[in-house]
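> Take this structure, written in structure tokens, and hold onto it; I'll ask about it next.
The values are calculated or read from the model by the stated rules, or taken from the named source; none is laboratory data. As the structure is a computational prediction, the values presented were derived from the model and not from experiment. Note that each Cβ is placed from the backbone with ideal geometry, even for glycine, and that neighbours are counted across all protein chains shown.
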């Protein structure tokens, strides 16, 4: 019983390989496996023989001849196809739409920017635009250069960090500290 | 140097109508035969073949050679044929019921019943055999039928047929085995006569 079951399993194992074995497309390893089984199994060998005979019989099926009107009829159907472009064929592609939109937007942005003459140098710009401010800057510079050293007495006298220093170390003779005031 | 089918189709895409004509001449006979064996109606087969070529023509602008041209074309053809078969399901059911009743009455497979149509009696033995084979193929489930036709008569590769039928190669091999096993049983008298 077990032997019969095992034999059935072996037969089932080559079933899916039998067709490609018979049509010559099986890989060498599969071909050897099928041949090995067929040599040992009379049932599968008979089935393989009948498959071959079936295929021979099927080869005799006559070829169906086309009617003479086939080509003309097909050409008429193709000619009846809408030759012109469909509505959506005329629409530009999404890429073209995006590129055009981007170009227009950049153009508008550039036009809306304030115009600056391209060849003006920094010195020319100072000459034309900053003549008056240049005079005042020079005056300020002279004033700062000639500024005498100032001692902000109020600021120094109220500077908290100085108050923490010992008065003997920090206070030079003649200097006025917060405590001595 | 002859252009491949894919190159021809790319030329059709580029607007070369002559390349479409070449494809038509090359594939009209195998295509009509495939469809005739699928639907067993000569007028319908020609009409469906024209439909397939029309679909190929319409799709030319979007054609991308992701597979063999034959895979693409027979995929369209199989879908067209299966749709047609399903549209005529009512008629098919009547035929299969007749065959079942005949088989029950005679306790013989339907294929062994001689064709009682008067015109068949006048035909030659070869024609009768062909008719029996066609009937047996047509009696197969739709997917098995398409698989057998693409395997036996179009001799397409297993990966091509699997892509056309949208299944794995191992599923296809199982499908083919079951189909040929059914045909072997149904056409047993025919196979026996060949043996003799």
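> Would you list the helices (runs of 4 or more DSSP H) that sit entirely within segment B:1-84 and hold 3 or more residues that are within 11 Å of chain A (Cβ to nearest Cβ), closer than 18 Å to residue A:72 by Cβ and out of contact with any strand residue (DSSP E or B) (no Cβ under 7 Å at 6 or more places or on another chain)?
Once the helices (runs of 4 or more DSSP H) in segment B:1-84 are filtered for at least 3 residues that are within 11 Å of chain A (Cβ to nearest Cβ), closer than 18 Å to residue A:72 by Cβ and out of contact with any strand residue (DSSP E or B) (no Cβ under 7 Å at 6 or more places or on another chain), what remains is B:17-39, B:42-58.
> Being within 12 Å of chain A (Cβ to nearest Cβ), in contact (Cβ under 8 Å) with a residue 40 or more places away in the chain and assigned to a helix (DSSP H, G or I) is the filter here, so list the residues in segment B:139-157 that pass it.
Listed by number, the residues that qualify are B:149, B:153.
> Report whether or not residue B:176 is within 8 Å of another protein chain (Cβ to nearest Cβ), touching a residue at least 12 places away in the same chain (Cβ under 8 Å) and buried (at least 20 other Cβ atoms within 10 Å of the Cβ).
When the stated conditions are applied, residue B:176 passes them.
> Hey, another quick one. If residue B:183 satisfies all but one of (1) within 17 Å of the chain's Cα centre (by Cα); (2) modelled with pLDDT of 95 or more; (3) more than 10 Å from every other protein chain (Cβ to nearest Cβ), what's the number of the condition it fails?
Tallying (1) within 17 Å of the chain's Cα centre (by Cα); (2) modelled with pLDDT of 95 or more; (3) more than 10 Å from every other protein chain (Cβ to nearest Cβ), residue B:183 fails exactly one: (3).
> Continuing with this model, one more query. Do the conditions hold for residue A:106, that is, is it in a helix (DSSP H, G or I), at pLDDT 75 or above, surrounded by 10 or more Cβ atoms within 10 Å (Cβ to Cβ) and more than 9 Å from chain B (Cβ to nearest Cβ)?
Yes, satisfied.
> Take segment A:47-69 and flag every residue that is more than 10 Å from chain B (Cβ to nearest Cβ) and within 20 Å of residue B:178 (Cβ to Cβ).
A:48
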